[in-house]
Structure formats: C-alpha cells, structure tokens
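**Student:** Below is a structure I'd like to ask you about.
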Amino acid sequence: MNETFRDTHARFPALLADDLLHLLDVTESALVESHARECAECGELLARARARRADWWEGTGHATVRALSTFASTPDALPAADRDVVARHLEHCEECREDLRVLTAGVASAAPIAPADAGPGDSGGRSHGLVWAFAGGLAAVLLVFVFMNPSRAPDPGVAVQPEVRQPSGSVTPPAGAPRTSGTPERAPVAVAMEPVALEGASRGTGESGVAASVAIPGGAADVPFTLPALFVDEGTTFVIELRDANRVMLFRDEIAAARALAPAGVRIPAARFRAGRLALRVAWVDAMGVAEAREYALDVSMPR
Amino acid sequence: MAEYHDPSLEGFDWAEIRTTVRRRLSFHLRGWESADIEDATQDVLLSLVRFLERSGAPVSMEGLIAVVARRTAVSRMRLRARRPATQPVEEEHVVAPDDGARRELLALEEAIERKALAIREYFRLHQAPCLELAEARANGVDFKQLAGTTGQSHVALLQRWSRCMKRLREAIGRGDVPWDRSGGDA
C-alpha cells in the first residue's frame, strides 16, 4: 500500500461527495474511479451511493440536522464560515426555520434572553434572537390564523372528520366564474384529471422555483392535487386557499390531514380557477398549536 | 440498539424511541408496506445514533426524533418517486446493507447535504443565475423541464450550469466556500 493509495483512501468520502455533486474535474474524477477499482471498501461505498440515488443534487440545499441543532444550542461550536452559511440560509428557508423550532422547542420557551442583551458580534445572542424573533412571528401567524377561523380551529385531541367540507360561504368567487343556482337542466359529463403534484413547485417567498403546471381540460369538474410530504401530526386540519395574483381568494376549504396528504387528496372545483398565475396556500395548526403554511405557485391554463 | 456502547447513547429508552419513530414514519408514509417503514425506521435510528455520538444529547430528543423522521420520510418518498418501475423497492431488502454500510452512506449523505448548502448559499450571495439552476436541481426539476417553463433553451441552461460549476470550483479553490477536503467526518 503506497502513500498515494493511503492518501486517496483517507480522502475518498470527501472526494466521492464532490464527485456525486459533479464538482470534480476529469483528473480527480478518474482518481475516484481508479481508487474504487483498487480498494474494495471504497468501491463498495461508491456502488452503494450510485445505487441509492441517480441524482445527488435532488433534495439538497438545506441545513443538516446537526448544523441546525448546533447553531441553536452552541453556535460557537460551528466554524464561523459554517455558522454564517446556516444563518443566511435560515433567513430564506421556511422549512429549516420550522425544523429549528422543533429542534429547540425546549430552548425557545426557557431562558428569557433578550436579543438586545447580545453585542453586535455575539453570534450566540444572534441565534437566540433569531429563535425569539421566529417564535414571535409564529405567534403572530397563529393569532391571524385563529381570528380568520374562529369556529374552526382544531380542538386538540378531538379527531377531525375526514370528509372534505364544503367551501366557506365567505369565499369570493372569481369574476366570470359560472355560478350554480338550483339544479342544472342536464348533468354535465365530468372529465377526470390527473392529479397535479406539488412536489418541486416553488414554496414560500424569496425562493426562486418553478410553478406547477395545471392544464384544466374542458368538462373537468374538479382539479386534484397531491401535496408533498409535510410534517404534521395526526388530527391536524389543513386550510386550503386558492388565490389569484392580486391575492383575491378564489377558494377556501378545510380538510383533515389524513385526507389532504393522500394522493389527489386536495380537490378544488375547476370553476374556481382562472388562467394565469395563481397561488395555492396550505396552512395548518398542529397538535402543539403552532401555525404553519406553505405556498405553491400554479401556472393555470384552460385549453378549450 | 444494544450493540452500541457509546456513553452518549446511554440514558435513552431505545425501545420507546423506536416505537415513536415507527409511529411517526407510519403517519408520514401512510400506505407503505411495513417492511419499508421498518427499513426507514432503521435509517432514522442510525441517524439518531450518529447525532448522539458526535453532538451529545440534544436540546429536545422529541424534537430531534420528529425532524429526523420527517426528513427521512421526505427523502424516502423522493427516492420512491424517482425509482424506475423496473426496480421495485423490495429489491433493497434482498441486499440490505449492514448497519456499518448504512452508517457510511448516512455520513456521505450528510457530507453532501453540507456541501450542497454551502454551494446554494454561495450562489445566493454571488451567482444569482446559478442559484435558480441549483434550486431547480434540488427540487428534482431537470433542465429540459426548466427550459420549457422559462422559455430558455435547454442547451443554454446546460452551458450556464457548466459555467456555474467552473466558477464554483474556482471559488472553492480560493477558499471562498467552506469546504471539507479531508474526508474526515466533520
């Protein structure tokens, strides 16, 4: 076993990580391949990694659980550069802020450390400030949520009926949308639509992403959506809102989590849609009484 | 979990933790086969062990379990969505890697996540056009699909990505991006 082999072997996991993200140049990539052929252990890791995922970029771009946890509890234990990366990321990533909140649930309600106590360069104070600021923001969102839904806030511990409820009577119908009045003379022939998957659609604000494409064929009664995996507890109720570019509400409904998270679990009447860019907002209050929301951009077309 | 004797792992009721993890995964992965839930449970438990070995007791064990379980479930769902129909999920169980192999793979995943985050935040600060591409890839949107929705040409997007990677390599070389080259389990 020569020096080069030992050196490459020691660096192999780091090299492989770079290789799987396609960051290595041709020479370095060849080094990974040749070492994997010579070293059974590294060859096995390479094979397992390639079998595990075709594209290692997919699903990346979030702070690791360990980085979030360290950032919250002992930020000085993180190298300064890593700490800055996590702090910057938290400014933009709603998902990681939620994970941070869950990871630090005990910290947020404990020691009353005011952000003002920390000096400008005190990263520990900064992280505590962030936690408190985030907790305050959540409280504000929760208040708004409760005021918007005075009679429908989920009762902790009480099972929510799984059936889809009718939209609230306060919904503003879209201008020009057909209004139903009485029994139609002839029942329309319903056209079934493939569910629209929201995984990968842009979420929240500040994230440049891709809108989910929604092509509604003529005759479609409703538009089914499949929500991405969301962290919620049993008994959670989702509030589904469809809004246009001017934030005018086109549709609103409440659905039990068990139904909403099933494939094609969210169904919105086709008549509520209009062509163009719309926003689908999914909000919920979990069993701990914490309000959360995700927003997905939709590009709606209605081919005749 | 009795095979682990690290002091940082003592004081936890692993049978209870396993039950909690399985319950959470059963909820997130509703409708999945119990063998798949069990497989994901093993990944979550190993991730927890790795965390405890390297970082010690968390602020909230319940919170840690919830976050790791949710992230594992999301990852499993993404993998299943991408798996070709000719490669059934059950195939993994036939050649199920042992815990040591799983731990190596989890360490690799964490290293990649750390690097991908550093890249994303570097792009956010210095290369906004690259951020759009990196986020599309992270969301599982390929450049052909992105070209269709943004009106840009597929070739132009590939070329832009190539330039982004080149600039990134240069930035890493200059030390502008926090980067672990040692291979150590940082």
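**Student:** Write down the accessible area per residue of region B:98-186 in Å², having rolled a 1.4 Å probe over the full set of protein chains.
**Tutor:** Numbers: 3980 Å² over 89 residues.
Here the residues of region B:98-186 average 45 Å² of exposed surface.
**Student:** Now, a different point. Sort region B:98-186 into rounded, prolate or oblate with this rule: let a ≥ b ≥ c be the square roots of the eigenvalues of the Cα gyration tensor; rounded if a/c is under 1.5, and if a/c is not under 1.5, prolate when a/b is larger than b/c, oblate otherwise.
**Tutor:** Numbers: a/c = 2.86, a/b = 1.53, b/c = 1.87.
Note, shape of region B:98-186 comes out oblate.
**Student:** Pop a pseudo-label 7 angstrom from the Cα along the beta-carbon direction at both residue A:246 and residue A:213 and give the gap in nm to one decimal.
**Tutor:** In this crude spin-label approximation the distance works out to 2.9 nm.
**Student:** Kindly state, to the nearest 0.05, the FRET efficiency for residue A:80 paired with residue B:53, given R0 = 22 Å and r defined as their beta-carbon distance.
**Tutor:** Between residue A:80 and residue B:53 the formula returns 0.35.
**Student:** Express the relative contact order of region B:105-186 as a whole percentage, based on alpha carbon pairs under 8 Å and six or more residues apart in sequence.
**Tutor:** Working: 41 pairs, mean separation 25.0, N = 82.
Value for region B:105-186: 30 percent.
**Student:** In addition: Could you give the nm distance between label points at residue B:80 and residue B:154, where each point is 7 Å from its Cα heading toward the beta carbon?
**Tutor:** Using points 7 Å along Cα→Cβ, the separation is 3.0 nm.
**Student:** Put a dot 7 Å past each Cα toward the Cβ at residue A:44 and residue A:233; how far apart are the dots in nm?
**Tutor:** In this crude label model, residue A:233 to residue A:44 measures out at 4.2 nm.
The values are calculated or read from the model by the stated rules, or taken from the named source; none is laboratory data. As the structure is a computational prediction, the values presented were derived from the model and not from experiment. Counting neighbours? That spans all protein chains shown, and the Cβs are built from the backbone with ideal geometry, glycine included. What goes into the accessible areas is simple: the full protein's heavy atoms, side chains included, and nothing from ligands, DNA or RNA. Shrake-Rupley method; radii C 1.70, N 1.55, O 1.52, S 1.80 Å.
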